[in-house]
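Following: one structure in structure tokens, then a few remarks.
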Amino acid sequence: MTRSDAGDGAGATAVAEPPLNSEMMFNRSMSTSSCLFTEEEDMTRTALTEFKAKESEIERRKLEIRERVQAQLDRVEEETRRLATIREELESLADPTRKEVLMVRKKIDSVYKELRPLSYSVQKKQREYKEAVDAFNEKNLEKIQLITKLMEEIGQLAGESESLRLKKLEDLSKSI
């Protein structure tokens, strides 16, 4: 690239630059690119450092989260063990009661089985008793009626006997 002193019409003062040869251009280009490479390397290193820092931060957070999750899992396992122990204790407390309840239920069932025929027998005996009482009351009523009738007949017979005696006495008294 060469610059001409011919002016662009901008009123610039012309500074004469020596013509650039290819070696100079290469050196200038190298120094510029070397600066660019150094800046790019610095930027790359900075980006790489930031990336590594972020990566280590992510790893650190992962470890923290793992530790928290593990701590929670350990607590959950401990609580599960405690619950299992408590459940076993409750079952051991409930078992004697449950056994007692089952024994009482069996006794109740056996007594009920024994009482059922006895209940039928009692009902049958009660019916027989009621029938016997009814029969007794009927016979008693019949006895009272018969006694009343007998007393009436005895009273009649006694009256007739008395009147016959009187008649005979009168007949005898007449005959004497």
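None of the figures in this text is laboratory data; all of them are computed from the coordinates on show. Just so we're clear, the structure is a prediction, and the values are computed from it rather than from any experiment. When we count neighbours, we look across all protein chains shown, and the Cβ atoms used for this are built from the backbone with ideal geometry, even at glycine.
The table below lists the values:
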{"read-out": "Options I86, V69, T97, ranked by Cα towards positive dipole end of the stretch 60-113, top entry (Cβ charges)", "value": "V69"}
{"read-out": "Within straight-line cross-link reach of K149, lysines at Cα separation under 27 Å, skipping those fewer than 8 residues along the same chain", "value": "K139, K167"}
{"read-out": "Karplus-derived 3J(HN,Hα), 6.51/-1.76/1.60, for each residue of the stretch 156-168, Hz, glycine and proline x", "value": "5, 4, 5, x, 5, 4, 5, 5, 5, 4, 5, 5, 5"}
{"read-out": "Partner lysines for K143 [C-alpha distance under 23 Å; skip if fewer than 8 residues away on the same chain]", "value": "K130"}
{"read-out": "Under 22 Å from K113, Cα to Cα: lysines that are on another chain or at least 8 residues apart", "value": "K99, K124, K125"}
